[in-house]
1. Considering Asn87, Asn47, which residue is buried (at least 16 other Cβ atoms within 10 Å of the Cβ), assigned by TED's automatic domain parsing to the domain that holds Asn104 and not β-branched (Val, Ile, Thr)?
2. Tell me yes or no: at least one residue of the range 361-373 is open to solvent by 10 Å² or more (accessible area, probe 1.4 Å), closer than 23 Å to Gly253 by Cα and either of a type in the set (Ser, Thr, Tyr) or part of a helix (DSSP H, G or I) (or both).
3. Does Leu575 count as within 16 Å of ligand 2 (Cβ to nearest atom), over 21 Å from Val472 (Cα atoms) and part of a helix (DSSP H, G or I)?
4. Give just the number: which of (1) open to solvent by less than 60 Å² (accessible area, probe 1.4 Å); (2) more than 30 Å from Asp116 (Cα to Cα) does Arg239 not satisfy?
5. For a quick check of your reading: which helices (runs of 4 or more DSSP H) sit entirely within the range 28-82 and have at least 2 residues that are within 29 Å of Leu106 (Cα to Cα)?
6. Please specify each residue of the range 247-260 satisfying the condition of being away from ligand 2 (no atom under 16 Å from the Cβ) and under 14 Å from the mean Cα position of the chain (by Cα).
7. If you take the residues of the range 376-425 that are surrounded by 18 or more Cβ atoms within 10 Å (Cβ to Cβ) and among the β-branched types (Val, Ile, Thr), which of them is nearest to ligand 2 (Cβ to nearest atom)?
8. Select, from Cys580, Cys573, Cys530, the only residue that is within 16 Å of ligand 1 (Cβ to nearest atom) and more than 24 Å from Asn87 (Cβ to Cβ).
Amino acid sequence: MPQSNLSPELTTTGLTSLLDGQGRKPTRLLQILIEIQAAQHWISPENIDQLAAELNLPRARIEGVIGFYSFLHAEPAGQFRLLFSDNITDRMLGNQNLLEYLCNKLWLERGHVSEDGLVSVDTTSCTGLCDQGPAMLANGMAIPRLTRERLDEIAELVLQKVPVTQWPAELFVIENNIQRREILLANSMQPGDALRAAIAQVCVPGSAVEAAANQRSWREGIPSVALCAPVSTLEEIKRSNLRGRGGAGFTTGLKWEACRNAPGGEDNRTRYVVCNADEGEPGTFKDRVLLTTQADLLFEGMTLCAFAINAKQGFLYLRGEYRYLLEPLNAVLQRRRDANLLGANILGQAGFDFDIEIHLGAGAYVCGEESALIESLEGKRGIPRNRPPYPVTHGYLDKPTTVNNVETFCAAALVGLHGGDWYRGIGTAKSAGTKILSVSGDCARPGIYEYPFGVTVRQVLIDCGAENTLAVQVSGPSGVCIGADEFDRRIAFEDLATAGAFMVFDESRDMFEVARNFAHFFAHESCGFCTPCRVGTAMLKATMDKIAIGHGTQYDLAEIDQLNRILLQSAHCGLGHTACNPTLDTLKRFRPTYERRLKSLDFEPAFDLDGALATARRMTGRDDAGAHLSMEAES
Ligand SMILES: Cc1cc2nc3c(=O)[nH]c(=O)nc-3n(C[C@H](O)[C@H](O)[C@H](O)COP(=O)(O)O)c2cc1C
Ligand code: SF4
């Protein structure tokens with residue numbers, strides 16, 4: 001194995017000090033592995049031995065974690081690892097040609113490390129840069145707007161062995177592309193505004209809040225007067241009708257209340273606030289922009305949640321693809337600590353103690369599922385847990401945990417300042433507030449659009465300059481694909497619920513290829529824990545590939561329905577449940593694009609039986625008609 005690419009600093013002592021920096025906590029195993037990977041470009045058997053000894057963990061546990069995350073490697077993957085984002089929108093922008101171009105320039109075969117161990121080029125799932133693709137990650141750092149000229153520059157830097165940290169800053173410039181602002185993106189809140197408003201709340205004598213505070217006081221052993229403000233905060237969030245923005249749309253106030261009601265350990269304060277910034281759904285990038293432009297609002301929302309549920313510790317789980325945001329976000333956290341908006345006795349309120357740590361992900365879409373995310377936060381493989389129990393009672397380290405999306409916490413901060421009635425007055429009766437959409441694909445102005453709930457798809461298409469639109473994929477592959485006759489449908493929980501992705505496809509696009517890309521995505525991202533999803537997503541991918549090369553039949557189309565039923569009934573988490581959505585939606589709305597690829601036969605085996613017998617024929621020296629299944633059948 002080529003080891004020439006190992007940086008010298010990670011000797012045994014180097015690793016020891018890295019472990020010290022991470023507090024030697026097994027819960028930080030993933031963070032430790034990410035650091036080793038960044039320093040050496042892979043994790044060697046010697047590293048694993050040392051980690052096992054120093055963290056007192058079985059070697060298999062460490063290997064299991066490395067094997068789970070696609071950004072970690074137990075084999076050298078090149079001093080420079082260049083990963084092209086492979087969402088359908090990257091493909092529409094020509095990423096495949098560019099990938100070939102770069103491989104040729106570097107004399108490389110895609111997916112293989114160069115013989116000198118210098119570089120490898122491959123693909124990765126959507127990197128959240130669909131508004132400025134095609135994009136890539138260079139040793140984990142995002143580079144948007146790839147062109148041949150930019151790739152020439154990158155190839156030169158690689159061949160000159162210039163470390164990625166010294167590449168021109170211009171390569172890494174990422175635009176926010178905010179095209180439309182409403183209450184959230186146009187907010188003028190100052191850090192601490194919502195917290196000050198929350199702390200200042202007092203109980204109106206005889207009010208429902210006072211009654212709730214009295215009841216809680218009796219249960220929790222805290223003086224009723226100290227509970228007025230947290231209870232009022234919770235009531236405002238409930239009154240706002242705020243629902244989660246991460247996809248499932250659960251009512252935020254009820255989630256916070258359930259967490260607050262769950263026993264929080266001996267001090268009754270061992271609860272956790274977790275922000276889900278994993279944003280792995282292809283076509284979604286609004287959290288990236290919120291993390292860049294609204295970090296204070298987000299942390300304010302998390303701190304408000306801690307105040308309401310009585311928690312001391314928070315985590316932001318940041319997807320590995322957004323690694324470049326780690327330092328800026330840590331700087332905002334530090335600024336908030338300095339301003340007493342985090343830490344002990346926040347804003348002088350005795351006992352209001354809360355702080356936030358950032359954990360990085362490492363390239364696993366399933367870690368966006370909240371229980372998988374918690375496993376990952378604990379330093380394990382991100383395999384979704386059995387539910388119930390839910391995280392609100394048994395979450396991080398088995399303690400009550402509130403997990404919310406980035407946008408949900410930002411909206412909660414607005415509610416904290418302006419109140420629940422103000423918030424529920426915006427949007428529709430069942431969908432309060434605004435929704436931020438990540439618009440990409442065939443349109444003149446891709447980017448971020450904030451609307452009050454209830455906006456029609458048609459309006460969004462007009463605003464983003466889309467013409468001759470054939471279809472829109474709302475909420476990413478796990479969402480829904482709609483055709484032109486449905487463009488008057490509304491973005492709202494009661495109609496088109498969405499986590500934010502809004503991918504536009506014009507009449508030049510082939511919706512079969514769109515669905516095929518999504519089938520590949522699900523097969524790649526299935527964590528493999530349960531058989532129906534592991535096998536089912538692979539079968540779906542194989543069926544779509546079979547149709548693509550002209551071997552599909554009506555029987556295959558019918559089988560997809562059957563597969564979907566199995567996945568819905570028996571897959572363990574939402575990934576498996578939604579994996580067939582894009583195929584079924586496009587089959588329903590754009591069936592001719594499938595049918596013109598089909599053979600007229602009713603059935604064609606996916607497995608080439610005669611081909612599989614080739615080895616046996618070679619070994620027996622036979623190649624006569626009787627040794628061939630097809631010839632046998634014909635004779
Ligand atoms: C496969 C899968 C991936 C998910 N990815 C995300 C994600 O990237 N971000 C997110 O907020 N929620 C994601 N979710 C939803 C979370 O499980 C959870 O419902 C959400 O974080 C709760 O926050 P909310 O109530 O604020 O929406 C995902 C769910 C599944 C099944
Ligand atoms: S449904 Fe898929 S992603 Fe979810 S646990 Fe099962 S194998 Fe993993």
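1. Asn87
2. Checked the range 361-373: at least one residue is open to solvent by 10 Å² or more (accessible area, probe 1.4 Å), closer than 23 Å to Gly253 by Cα and either of a type in the set (Ser, Thr, Tyr) or part of a helix (DSSP H, G or I) (or both).
3. Taking the combined requirement at face value, the residue does not satisfy it.
4. Among (1) open to solvent by less than 60 Å² (accessible area, probe 1.4 Å); (2) more than 30 Å from Asp116 (Cα to Cα), Arg239 violates only (1).
5. It comes to 29-40, 59-68.
6. Within the range 247-260, none qualify.
7. That would be Ile383.
8. Among Cys580, Cys573, Cys530, only Cys530 is within 16 Å of ligand 1 (Cβ to nearest atom) and more than 24 Å from Asn87 (Cβ to Cβ).
The values are calculated or read from the model by the stated rules, or taken from the named source; none is laboratory data. The structure displayed is predicted, hence computed values, not measured ones. Reconstructed Cβ throughout: ideal geometry from the backbone, glycine too, with neighbour counts over all protein chains shown. Heavy atoms of the whole protein, side chains included, go into the accessibility calculation; ligands, DNA and RNA do not. Shrake-Rupley method; radii C 1.70, N 1.55, O 1.52, S 1.80 Å.
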